[in-house]
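Below is one structure, written out as C-alpha cells; comments come after it.
The values are calculated or read from the model by the stated rules, or taken from the named source; none is laboratory data. Computed from a predicted model, the values in this text were never measured in an experiment. Because the Cβ atoms are built from the backbone with ideal geometry, glycine has one as well, and the counts that use them run over all protein chains shown. Only protein heavy atoms, including side chains, enter the accessible area calculation; ligands, DNA and RNA are left aside. Shrake-Rupley method; radii C 1.70, N 1.55, O 1.52, S 1.80 Å.
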Amino acid sequence: MAKKKIKHYQTPQVVRNDDLDLNPRTKYQDLIWHPDFLSIQDYDAYTDRCKNDAIARKVVYKPAQDAIRNGWQIKFPKNLDLQAKIEQKMEELHVASVIGQQIGFQRKDGDGYLTVGVKEINPTDTATPIDPNNVQDVAFIHAFGQNNVKAYRTNDNPTSLDYGKESALVVQPHQAGYTVDKDGNLIPNINKAETVVIDKSRYCHISLDKFDDDKTGTSIIKRCEKQLNVMRIALETTGKILREFTFKIVKSDTLMTEDDDKFARDRDQMSQSLNTEATAFIGSEDDIIKLSTQTNGINVLLDFAWQSLAAASNIPKSVLTGEQAGTLAGASQDVINYYDGIKVMQEQLIKPELIKIVRLLLYAKDVGGGIDPDSVDWTIEFNPLWTPDDKTQAEIAYTKAQTASLWVSNGVYSPDEIRDQLNSQTKSNIQAIGNYTGDSAESRYTQDEIEQYKKDLEAAHGG
C-alpha cells in the first residue's frame, strides 16, 4: 500500500518595504535605523515642491519672512548724515528683500548665498579679494541657492585658525543668456556660460543642518519629507471623504427592471430632485436610504500629522496654520520658543552679513567716503519681532504700578526712589516681553505714563 504523501507547507515570508522593516519575526531590539548614504539632493524637485505644495512652501519661507518682517536699525549716534546715507543705499540695494530670499534658499536647498558686487577704482576680477581702499561703490547684492554652485573650498584642518572657513566659491551659470536682434527676437547664445570664481570677501554663505562630513547643507524639505508626505495623504484623503461624504441608496424593483433609456432618465431626474429639503414620493415596496461617511477619530489623526510636522520643522502648529495665538499675555510657550529661534537666526546669520555689507558701504568712496568702519561708532539693532497690543501694555503698566506701591508700603524703596526708577525705565521693557530679547532701549515712557505712575503711587499712600 502506497504511503500517503504528506505536504509540507512553508511559512509565507512577510515582505516589508517600510523604513524599520517591521517583520513580525524581528526582535524589538533589532529594529534599527537604516542610514541612507546614497541620498542625493534634488534641487529642482525642492523648487517644484515649493511651487506646488502650499504646506511645504510655508515650512520653507515662513521663518524667512518673520526674520526680516520688522527689519532693523543701523545707528550712527554721532553722525546722523552718514546714517542717512547708509540707510538710503541699503534701501536702493533692497537688502532686506535679498536677505529674505537667501534664507529661503538656505531652507529650500540647504545652502543660501549672497554675492556683493562692488564697483572698484581699479577693476579686478571676482576671484581677487576686495581691497577696501579700492572700493568706489556697491553696485548690487544678489541671492542664489545651491543649484548654481559647482563647488566651494573649505579649510578642513581642525588645527588651523581658519578651520571651517571658506576661501572661494565656484559658480556655474545654467544659462548663457540671450541677444536681441533688430526685430526684437531673443537669440540664445551658443557658447556655454563660463565658470565664475568668487573670493570669500565678495559673498556670504549660510547652511542648514550641515554636519562635519557633509559637502552641502540639508534641505528642510528633505528633513520633513515624511511629514510633508503625510500631510499630502491627509489632504488627498480628506478631499475624497468630502466628495463622497453622503450618498443615497434607492431600493426599487420597478426602477431596476426598466430599460436602459428609461432608467437613465429616471435616475437623472431623481438625482436632480433629491437634494436638500427635497420631497420624494415612492411606492410601499420602495425605500430610500441616506448613507454618510463616519469620521469619528479622524481629527486625532489630523492633529497628529500637524504636530509631527511642527516638531520636524520647529514651527508651531498655530504658526503653520495661521491660527490666532491670542495677545502677547496669552501666547503659548511654543510660539515664544519659535520667536526665540527667529531672534537667534537674526543674531547669528543675518547680523554678520549686515555688518559685512555696512563695512563695504563705509569703505565705498561714493557712499561712506572711504571711512574706516572701526573709526566710527555704529550699531545694528533688530526691531521687535512682536509688539504687544495696547491692552497688554496697559496690563503690564498696571502690574508695575501695583508692584511699586507694595515696595513703598513695605519700606523697600522710598517714593522718590520709585519715581527715579520709573523715570529711568524704558518702554522697550514692555516690548521686550513680546520681542523676547530685552536689548532694545531706544524710547522711554511718555510723560503721561510717568504721571499716571505717580498718581497711582500717591493714591496708594493717601495723597
Fill in the blank from the handout: All conditions in (1) farther than 29 Å from Y43 by Cβ; (2) surrounded by fewer than 16 Cβ atoms within 10 Å (Cβ to Cβ) are true of D137 except (2)
Handout entry: the range 186-236: number of residues that are within 17 Å of A143 (Cα to Cα), within 16 Å of the chain's Cα centre (by Cα) and among the aliphatic types (A, V, I, L, M)
Key = 2
Fill in the blank from the handout: Conditions (1) in a strand (DSSP E or B); (2) open to solvent by 100 Å² or more (accessible area, probe 1.4 Å) -> A151 fails only (2)
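Going by the conditions given, is E442 part of a helix (DSSP H, G or I) and either at pLDDT below 90 or open to solvent by 60 Å² or more (accessible area, probe 1.4 Å) (or both)?
So E442 fails the test.
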Handout entry: Lone qualifier among I241, I220, I249 - being touching a strand residue (DSSP E or B) at 6+ places or on another chain (Cβ under 9 Å) and among the aliphatic types (A, V, I, L, M)
Key = I249
Exercise for the section: Under 6 Å between Cβ atoms, at least 6 apart or on separate chains: pull out the pairs that start in the range 85-103 with a residue that is over 30 Å from G217 (Cα atoms) and open to solvent by less than 10 Å² (accessible area, probe 1.4 Å) and end on any residue that is modelled with pLDDT of 95 or more and outside any loop (DSSP other than H, G, I, E, B). Expected result: I86/L361
Practice task
Determine the pairs where a residue that is farther than 19 Å from Y113 by Cβ, located within the range 340-360, has a partner that is open to solvent by 40 Å² or more (accessible area, probe 1.4 Å) and of a type in the set (S, T, Y) with Cβ atoms under 7 Å apart, the partner being 6 or more residues away or on another chain.
Solution key: D340/Y436; K343/Y436; K343/T437
Completion exercise
Of the conditions (1) closer than 25 Å to Y338 by Cα; (2) at pLDDT below 85; (3) surrounded by fewer than 17 Cβ atoms within 10 Å (Cβ to Cβ), the single one that L385 does not satisfy is (3)
Exercise for the section: Output yes when any residue across the range 118-131 is in contact (Cβ under 8 Å) with a residue 40 or more places away in the chain and assigned to a helix (DSSP H, G or I), and no when none is. Expected result: no
Problem - Answer residue from the range 162-213, given it is open to solvent by less than 60 Å² (accessible area, probe 1.4 Å), assigned to a loop (DSSP other than H, G, I, E, B) and of a type in the set (D, E) and is modelled with the lowest pLDDT among those - result: D181
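So which helices (runs of 4 or more DSSP H) stay within the range 219-327 end to end and still have 1 or more residues that are closer than 30 Å to D44 by Cβ, open to solvent by 80 Å² or more (accessible area, probe 1.4 Å) and free of Cβ contacts under 8 Å to residues at least 24 places away in the same chain? Give the steps one after another, and end with the answer.
Values: elements: 220-223, 225-243, 253-256, 260-273, 298-313, 317-321.
Once the helices (runs of 4 or more DSSP H) in the range 219-327 are filtered for at least 1 residues that are closer than 30 Å to D44 by Cβ, open to solvent by 80 Å² or more (accessible area, probe 1.4 Å) and free of Cβ contacts under 8 Å to residues at least 24 places away in the same chain, what remains is 225-243.
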Practice task
Quickly run through the range 366-382 and pick out the residues that are of a type in the set (F, W, Y) and open to solvent by 60 Å² or more (accessible area, probe 1.4 Å).
Solution key: none
Handout entry: Unique match (being open to solvent by less than 40 Å² (accessible area, probe 1.4 Å) and within 30 Å of Q421 (Cα to Cα)) among A394, A404
Key = A404
Practice task
Would you check if T216 is under 29 Å from Y339 (Cβ atoms), in contact with a helix residue (DSSP H, G or I) (Cβ under 9 Å, 6 or more places away or on another chain), touching a residue at least 40 places away in the same chain (Cβ under 8 Å) and assigned to a loop (DSSP other than H, G, I, E, B)?
Solution key: yes
Exercise for the section: Out of the residues in the range 62-84 that are surrounded by 18 or more Cβ atoms within 10 Å (Cβ to Cβ) and out of contact with any Phe, Trp or Tyr (no Cβ under 8 Å at 6 or more places or on another chain), state the one that is farthest from I371 (Cα to Cα). Expected result: K62
Fill in the blank from the handout: Residue hits (the range 355-404; polar (S, T, N, Q) and either over 28 Å from Q65 (Cα atoms) or not in a loop (DSSP other than H, G, I, E, B) (or both)) are S375, T379, T392, Q393, T399, Q402, T403
Problem - Within the range 68-117, tally of residues that are part of a strand (DSSP E or B) and of a type in the set (K, R) - result: 1
